[in-house]
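K.L.:
There's a structure below that I have some questions on.
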Amino acid sequence: MSSGNPFERILKTLEKPEGGVFGKYYSLPALDDPRIDRLPYSIRILLESSIRNCDEFQVKSKDVEKILDWENSAPKQVEIPFKPARVLLQDFTGVPAVVDLACMRDAMNRLGGDSNKINPLVPVDLVIDHSVQVDVARSENAVQANQELEFRRNKERFSFLKWGANAFHNMLVVPPGSGIVHQVNLEYLGRVVFNTNGLLYPDSVVGTDSHTTMIDGLGVAGWGVGGIEAEAAMLGQPMSMVLPGVVGFKLSGKLRNGVTATDLVLTVTEILRKHGVVGKFVEFYGEGMGELSLADRATIANMSPEYGATMGFFPVDHVTLQYLKLTGRSDDTVLMIETYLRANNMFVDYSQPQVERVYSSYLELNLEDVEPCISGPKRPHDRVPLKNMKADWHACLDNRVGFKGFAVPKESQVKVAEFTFHGTPAQLRHGDVVIAAITSCTNTSNPSVMLGAALVAKKACEQGLEVKPWIKTSLAPGSGVVTKYLHKSGLQPYLNRLGFHIVGYGCTTCIGNSGDIDEAVGAAITENDIVAAAVLSGNRNFEGRVHPLTRANYLASPPLVVAYALAGTVDIDFDSEPIGVGKDGKKVFFRDIWPTSEEISDVVQSSVLPDMFRATYEAITKGNPMWNQLSVPSSTTYSWDPTSTYIHEPPYFKDMTMSPPGPHGVKDAYCLLNFGDSITTDHISPAGSIHRDSPAAKYLMERGVDRRDFNSYGSRRGNDEVMARGTFANIRIVNKLLNGEVGPKTIHIPSGEKLSVYDAAMRYKSEGHDTIILAGAEYGSGSSRDWAAKGPKLLGVKAVIAKSFERIHRSNLVGMGIIPLCFKSGEDAETIGLTGHERFTIELPSSVSDIKPGQDITVSTSNGKSFTCTMRFDTEVELAYFDHGGILHYAIRNLIGAKH
């Protein structure tokens, strides 16, 4: 609690109903401001955070007023600071965050400070979940085999994270094999309301995965961010965000019999994509809310990235409280949550008359209008009603190549590819299913669709149906709770009989971890140019994401995944064509194996129990044998292994002193790269596989790493040497210095040589030259990636001059001490006459006190041209970061005792 908080006057005591107190809280009703009752619930969370954290430096009274006046200020796209209550990491992004914390401890030691002060200032939950490979399916030992593979490939990373769990306070690491980050967050980590040292406040979270939004279904405000923002939040720094518009989405009615939550979310995704919700919150309300289970809400919230919203938010109500009890939260905790949220006008009680809230725009859906559907073949918002699927599939075969087309000639559409599968003759046609995966994340948090899938399996087995042996089937629950209730229901054996064995707990087919398709099947697809299909219960089905050999990928509910696996093709009309032939040669139709909503509800009621959640998460904290056997040093400072190609100490703090370096200008800098518009973080940041001819590949081979063990840039995010070499290494990057040539090269201006970007940057560094980047509009758009700012920093880039920046990437550049400059309106490198062969000088005042946020600055060049730019340090806090050389340096000096 800041003693300088101007809102101390509204700090109230929250009393327990039976006597005693829960603690204190900042009371929104005590503000006595009529605007609060009209605010969306999601905005009230931002308001409470700004009040609680107001210190008139990082968060100011005027920021509180902007949020209070949301109705008028949101349309103006104003920026506000936001401090989330906690940070959620998964392993790929968790490794560099822990690397940076370890480096900060080393720097603190060198500067004579107490290195044990370097700890996350807000709780950090790190879940290791992104390494599950479905390399063993249709096998009782799939879980064990996959986990052994996972540990063999990633042992070094896992050991490092286990060290971090022991070395840092306020950091919880959930071991691999426990579940997917989002479901673990929903069932276990989500607090809903914090009580920290007697101060109560709403849970809110930023996570380094876009599907952090699943937690919005629990009434916890959460969304995905990049690694640098997450690290800043860990260290108690505010995030800068645009105060969002909020779309009010009213739900009425009730889902019809046989319609699933997945059908609903695919319908909602289509509606919201059409409406346009990028950068906005979506808040659900209306009498239909009472008909949606918490798991249904989480399913909708989880797909926020697919419909483009920052959040799909469901305020806390009685359904939320029931779920908290179901998942093993104590009665005392649930009482505290309800009492606090009611007292602070953050609880929705549908038994009371509703105060009309104001939204930026309004949508409505009657749940009775939702019909069974799937989405595809290439995008999650291309919804297809199940009754139209056969016709839509044939249209896709006919259509020209695109999101809804494969351009297969009419005469080729009936092609039959003959092949031999393990000695048995087999056939493949266009639309045949070769992957059928019930994947974690969106759907496995939802017992109704998981048990619905198991009931489909039971009915199919009873009818004598089977799944063709070459279809790669798998079941990857999001947590051990799913396994427990599938066994309790007695239905898991039926899933096993159809090949849906449990393969592991974590991200699988949805991110391409589907493992290999049988060689004979793959050859039949490739040699005959078959448009093969995958059906999965995931979030994303973009081309090439699920598997290179499945050109058609459909998102479906878990019960439909089982149904399509049984049918063996997406080229079927479930209404009129049999799904297969059962025992005694009897045709079996879709309607014969589809369970009623009542059947599903009965098995959910009898099989999903609070003890399952308690037992599962007690076991998680104890770890598993492979995790527990990892030996890690007990030292709170990390012993860096100079031979490691996974974990390496970056040079961020190499020459750091206690005195801030102050503003650094740029003198006679060369242009490393000259870009046009729309350079994304995918162009900048190392991602995907490591190309065999790249500088990163050369580095690994020089250290004895075999090509087959390169792994990916994602898995090596803890090694700055690999990541710096992979920065700007995208094979489709367009650099104007290359005069039309595409690829990850540039010109070393003094010599005229064409080099890889990394080699050119190192040559400039060795020669003692600064470098800058020229760019067009929307520089840094796309997913927020920490290495898109860390990489340029390590390459020696001192400034980026662009027409405009993507908001988060601009703040990430500031966090790494790189100067973001914008050309004046109507100007760019071409209109000014810049070729990128000039040398650039940016002179700055010697004291940060002489620089103002958004100040204009002159850039001069070696050919006599000079032009004015706006320096995009947008707040006093960002200027403080720049003064210190970056956000991490600022945090270290502050902890030692340096003043703002």
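K.L.:
Cα centroid distance between the stretch 316-342 and the stretch 721-743, in Å?
P.N.:
Taking the Cα centre of each part, the stretch 316-342 and the stretch 721-743 sit 51 Å apart.
K.L.:
To continue, here is another question. Within the set Lys254/Lys274; Lys803/Lys824; Lys60/Lys790, which residue pairs have Cα atoms separated by over 18 Å?
P.N.:
Result: Lys254/Lys274; Lys60/Lys790 exceed 18 Å.
K.L.:
If you don't mind, another one. Pick out, from Gly222, Thr333, Phe347, the residue whose Cα sits farthest towards the positive end of the charge dipole of the chain, with +1 on the Cβ of Lys and Arg and -1 on the Cβ of Asp and Glu.
P.N.:
It is Gly222, whose Cα lies furthest towards the positive end.
K.L.:
Same structure again: Could you let me know the centre-to-centre spacing of the stretch 660-700 and the stretch 412-448, using Cα atoms, in angstrom?
P.N.:
What the calculation gives is 41 Å, centre to centre.
K.L.:
Here's another thing I want to ask about it. Just to make sure I understand: if all protein chains stay in place, what is the order of Lys404, Lys254 by accessible area at 1.4 Å, largest first?
P.N.:
Per-residue accessible area, sorted high to low, gives Lys254, Lys404.
K.L.:
Continuing with the same structure: Provide the packing ranking of 867-874, 231-238, i.e. peptides ordered by the mean count of other C-beta atoms within 10 Å per residue, highest first.
P.N.:
Order by mean packing, descending: 231-238, 867-874.
K.L.:
Read phi for every residue in the stretch 168-182 and hand back ³J(HN,Hα) as whole Hz from Karplus 6.51 cos²θ - 1.76 cosθ + 1.60, θ = phi - 60°, with x for Gly and Pro.
P.N.:
Those phi angles translate into 10, 6, 6, 10, 10, 10, 8, x, x, x, 8, x, 7, 3, 6 Hz.
K.L.:
Straight-line reach from Lys390: which lysines have a Cα under 20 Å away, not including same-chain ones fewer than 8 places off?
P.N.:
Lys378, Lys404, Lys410, Lys415, Lys587
K.L.:
Same structure, new question: Within 10 Å, count the other beta carbons around each residue, average over each peptide in 645-656, 108-119, 464-475, 201-212, and list them highest first.
P.N.:
201-212, 464-475, 645-656, 108-119
K.L.:
What net charge do the residues around Val122 carry, taking every other residue with its C-beta under 9 Å from that of Val122, with Lys and Arg at +1 and Asp and Glu at -1?
P.N.:
+2
K.L.:
Cβ under 14 Å from Ser635's Cβ, Ser635 left aside: what net charge do those residues give with Lys, Arg +1 and Asp, Glu -1?
P.N.:
Net local charge, Ser635 excluded: 0.
K.L.:
From the phi angles alone, apply the Karplus equation (6.51, -1.76, 1.60; θ = phi - 60°) to the stretch 278-293 and give each ³J(HN,Hα) in whole Hz, x where the residue is Gly or Pro.
P.N.:
Values, residue by residue: 4, x, 10, 8, 10, 10, 8, 7, x, 5, x, 4, x, 8, 9, 5 Hz.
K.L.:
In addition: Summing -39500 (n - 2.57) over the DSSP H runs of n ≥ 4 in the chain and dividing by its residue number, what mean residue ellipticity at 222 nm do you reach, to the nearest 500 deg cm²/dmol?
P.N.:
Result for the chain: -9500 deg cm²/dmol, rounded to the nearest 500.
K.L.:
List the residues, sorted by chain then number, that are 5 or more residues from Leu363 or on another chain and whose placed amide H is less than 5 Å from its amide H.
P.N.:
For Leu363, whose amide H was placed from the backbone, the distant partners under 5 Å are Gly248, Phe249, Lys250.
K.L.:
Within the chain, what percent of beta bridges assigned by DSSP are antiparallel, to the nearest 5?
P.N.:
Roughly 45 percent of the beta bridges in the chain run antiparallel, per DSSP.
K.L.:
Output the peptides 424-437, 71-84, 789-802 sorted from most to least packed, where packing is the average of other Cβ atoms within 10 Å over each peptide's residues.
P.N.:
Descending packing order for the listed peptides: 789-802, 424-437, 71-84.
K.L.:
Right, another one. Quick one: of the DSSP bridges fully inside the stretch 373-608, what percent are antiparallel, nearest 5?
P.N.:
Looking only at bridges with both residues in the stretch 373-608, the antiparallel portion is about 50 percent.
K.L.:
Tabulate in residue order the Karplus-calculated ³J(HN,Hα) for the stretch 737-752, using 6.51 cos²θ - 1.76 cosθ + 1.60 with θ = phi - 60°, rounded to whole Hz; enter x for Gly and Pro.
P.N.:
Using θ = phi - 60°, the values come out as 5, 9, 6, x, 6, 9, x, x, 10, 8, 9, 7, 4, x, 9, x Hz.
K.L.:
If you don't mind, there's one more thing I want to ask. Can you list the lysines whose alpha carbon sits under 23 Å from that of Lys16, skipping same-chain ones fewer than 8 residues off?
P.N.:
Lys24, Lys325
K.L.:
Skipping prolines and chain starts, which residues have an amide H placed within reach, meaning under 5 Å, of the one on Asp770, given they are 5 or more residues away or on another chain?
P.N.:
Tyr670
K.L.:
Which far-off residues, 5 or more places away or on another chain, put their amide H under 5 Å from the one on Gly688, with H placed in the peptide plane?
P.N.:
Tyr713, Gly714
The values are calculated or read from the model by the stated rules, or taken from the named source; none is laboratory data. Small disclaimer: the values here were computed from a predicted structure and weren't measured. Here Cβ is always computed from backbone atoms with ideal geometry, including for glycine, and neighbour counts include all displayed protein chains. Each accessible area value is taken on the protein alone, full model and side chains, heavy atoms only, with ligands, DNA and RNA left out. Shrake-Rupley method; radii C 1.70, N 1.55, O 1.52, S 1.80 Å.
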